[in-house]
Ligand SMILES: [Zn+2]
């Protein structure tokens with residue numbers, strides 16, 4: 001049986017400052033080595049000061065993943081020498097003296113499978129290495145410390161996955177969950193990184209490090225299973241080792257043995273006291289946490305009678321569910337959920353489009369009302385939406401500018417119907433004997449009016465015209 005376990009690193013976003021100093025957490029805004037100070041550079045005499053907000057957000061992740069949350073947490077030094085780590089140690093968490101990380105064991109449901117979470121820890125991100133030069137001979141490595149000390153949450157799972165597909169499903173659920181909590185932005189480059197351990201029946205455990213995105217994680221796991229199966233089928237022993245993911249060639253390569261033999265000499269970080277997160281604080285955090293995705297879904301189905309599949313899509317994406325929450329009433333909820341899931345999601349489907357989109361809750365509300373009142377057809381609503389996303393103009397202005405309003409003038413509509421009746425004599429005869437087939441004629445009227453005929457009135461007038 002194949003066993004896969006994951007270690008996922010996700011950057012905490014929406015934080016003012018780094019984990020132990022007042023430098024900005026949003027390091028992407030800065031020129032190289034502009035966002036640094038004596039604390040995150042580890043200069044002698046500097047002392048770390050823990051960011052309370054980061055602890056709160058990490059604890060929220062632990063609570064959302066059903067993890068146990070200890071009342072006291074501690075930090076440890078993980079010692080290693082590498083240019084991206086100015087202090088020569090990383091401040092992280094570890095469960096040496098019982099459960100002292102922000103999150104203990106928990107679980108998350110992925111389809112029929114329960115994936116167990118081993119622990120969740122809060123730690124600082126190292127700096128970033130930049131490689132320059134075209135060949136290995138003249139290549140140089142530069143270091144940018146802007147990221148050093150920014151808050152990172154590590155989520156460690158038990159080896160409960162059996163297939164790359166389960167891994168992907170888990171990552172989708174986790175991304176949605178983190179986004180819904182408002183603690184992380186999985187779409188930012190480098191915001192999610194992962195290591196995986198993979199073993200097949202009869203083989204040793206292989207660790208795959210350096211996977212830079214969720215997209216590559218599934219690929220890396222898939223590659224590693226194929227590689228190990230191929231060795232196994234040729235009776236070649238699978239050794240316990242660390243391999244690196246090469247994201248250009250999309251393969252894993254064996255790490256030099258020196259890198260495997262690291263001894264981190266963990267010890268308690270004496271410059272940060274043990275932090276108490278009492279029951280009262282935890283209860284308060286639970287109150288501050290946004291409604292969970294599963295609870296939203298349940299509410300959409302039970303209160304608004306939205307079909308479960310639509311509710312599923314709508315609740316799992318924060319961007320759309322926020323729009324829905326701000327625009328719907330009990331009466332228009334179903335129509336708005338339709339507009340969002342059938343039209344808007346297709347038109348605004350990338351991070352960039354979301355950021356530039358001018359759509360507001362007010363627009364959605366007015367669009368739904370216009371459809372319900374028969375002012376525009378669903379088809380015209382989609383055309384209006386297309387325009388509003390770009391211009392941000394009001395729904396009423398857009399309907400008038402693009403001449404999208406329904407044709408509800410009886411004499412105007414009757415003229416079109418007479419045309420259709422004379423052109424489609426065969427279909428008219430059929431409709432007389434089989435009333436169901438009248439929809440074909442309604443379709444023809446819609447075609448001639450570019451979908452703008454008022455459907456109710458069209459049907460009524462058609463029936464009269466046929467006699
Ligand atoms: Zn700093």
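Numbers at a glance
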read-out	value
Answer from 111, 104 - the residue that is at pLDDT 95 or above and within 28 Å of the chain's Cα centre (by Cα)	104
Filter result for residue 106 (on the phi > 0 side of the Ramachandran plot and either touching a residue at least 40 places away in the same chain (Cβ under 8 Å) or in the same structural domain as residue 22 (by TED's automatic domain parsing) (or both))	no
Test: residue in segment 401-422 that is under 24 Å from residue 327 (Cβ atoms) and assigned to a helix (DSSP H, G or I)	yes
Residue under evaluation residue 341, criteria (1) part of a helix (DSSP H, G or I); (2) out of contact with any helix residue (DSSP H, G or I) (no Cβ under 7 Å at 6 or more places or on another chain); (3) farther than 25 Å from residue 400 by Cβ, criterion not met	(2)
Single residue of 81, 76 found to be away from the ligand (no atom under 13 Å from the Cβ), without any contact (Cβ under 8 Å) to a residue 24 or more places away in the chain and closer than 30 Å to residue 204 by Cβ	81
Residue that is at negative phi, within 27 Å of the chain's Cα centre (by Cα) and within 16 Å of the ligand (Cβ to nearest atom), where the choices are 51, 35	51
One residue from 381, 361 being within 24 Å of residue 409 (Cα to Cα) and not assigned by TED's automatic domain parsing to the domain that holds residue 454	381
Qualifying residue in segment 350-365 (condition: surrounded by 22 or more Cβ atoms within 10 Å (Cβ to Cβ) and in contact with a strand residue (DSSP E or B) (Cβ under 9 Å, 6 or more places away or on another chain))	no
Hits in segment 391-400 (condition: surrounded by fewer than 16 Cβ atoms within 10 Å (Cβ to Cβ) and in a helix (DSSP H, G or I))	391, 396, 397, 400
Selection from segment 138-192 of residues that are surrounded by 20 or more Cβ atoms within 10 Å (Cβ to Cβ) and at positive phi	149
Positions within segment 40-57 being in a loop (DSSP other than H, G, I, E, B) and either touching a helix residue (DSSP H, G or I) at 6+ places or on another chain (Cβ under 6 Å) or surrounded by fewer than 20 Cβ atoms within 10 Å (Cβ to Cβ) (or both), in sequence order	41, 42, 43, 44, 45, 46, 47, 49, 50
Residue within segment 317-326 that is without any contact (Cβ under 8 Å) to a residue 12 or more places away in the chain and more than 19 Å from residue 177 (Cα to Cα) present	no
Strands (runs of 3 or more DSSP E) (entirely within segment 72-181) containing at least 1 residues that are in contact with a helix residue (DSSP H, G or I) (Cβ under 8 Å, 6 or more places away or on another chain)	106-110, 113-124, 128-132, 151-157
Yes/no for residue 43 being touching a strand residue (DSSP E or B) at 6+ places or on another chain (Cβ under 6 Å) and either in the same structural domain as residue 128 (by TED's automatic domain parsing) or within 13 Å of the ligand (Cβ to nearest atom) (or both)	no
Residues located in segment 2-30, provided they are away from the ligand (no atom under 15 Å from the Cβ), at negative phi and assigned to a loop (DSSP other than H, G, I, E, B)	2, 12, 13
Flag for residue 35 being within 30 Å of residue 292 (Cα to Cα) and not in a helix (DSSP H, G or I)	no
Any chance residue 118 is more than 25 Å from residue 54 (Cα to Cα) and surrounded by fewer than 22 Cβ atoms within 10 Å (Cβ to Cβ)	no
Qualifying helices (runs of 4 or more DSSP H) (wholly inside segment 191-288; at least 3 residues being touching a strand residue (DSSP E or B) at 6+ places or on another chain (Cβ under 6 Å))	214-233
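Per-residue answers, yes or no, for (1) within 22 Å of the chain's Cα centre (by Cα); (2) modelled with pLDDT under 95:
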| position | (1), (2) |
| --- | --- |
| 207 | no, yes |
| 223 | no, no |
| 240 | no, yes |
| 245 | no, yes |
| 252 | no, yes |
| 259 | no, yes |
| 276 | no, no |
| 284 | no, no |
| 300 | yes, no |
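Residues checked against (1) buried (at least 16 other Cβ atoms within 10 Å of the Cβ); (2) touching a helix residue (DSSP H, G or I) at 6+ places or on another chain (Cβ under 7 Å); (3) at pLDDT 85 or above; (4) in the same structural domain as residue 378 (by TED's automatic domain parsing):
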{"position": "431", "(1), (2), (3), (4)": "yes, yes, yes, no"}
{"position": "435", "(1), (2), (3), (4)": "no, no, no, no"}
{"position": "443", "(1), (2), (3), (4)": "no, no, yes, no"}
{"position": "452", "(1), (2), (3), (4)": "yes, yes, no, no"}
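The values are calculated or read from the model by the stated rules, or taken from the named source; none is laboratory data. Source: prediction; values computed, not measured. Positions of Cβ are backbone-derived with ideal geometry, glycine not excepted, and every protein chain shown enters the neighbour counts.
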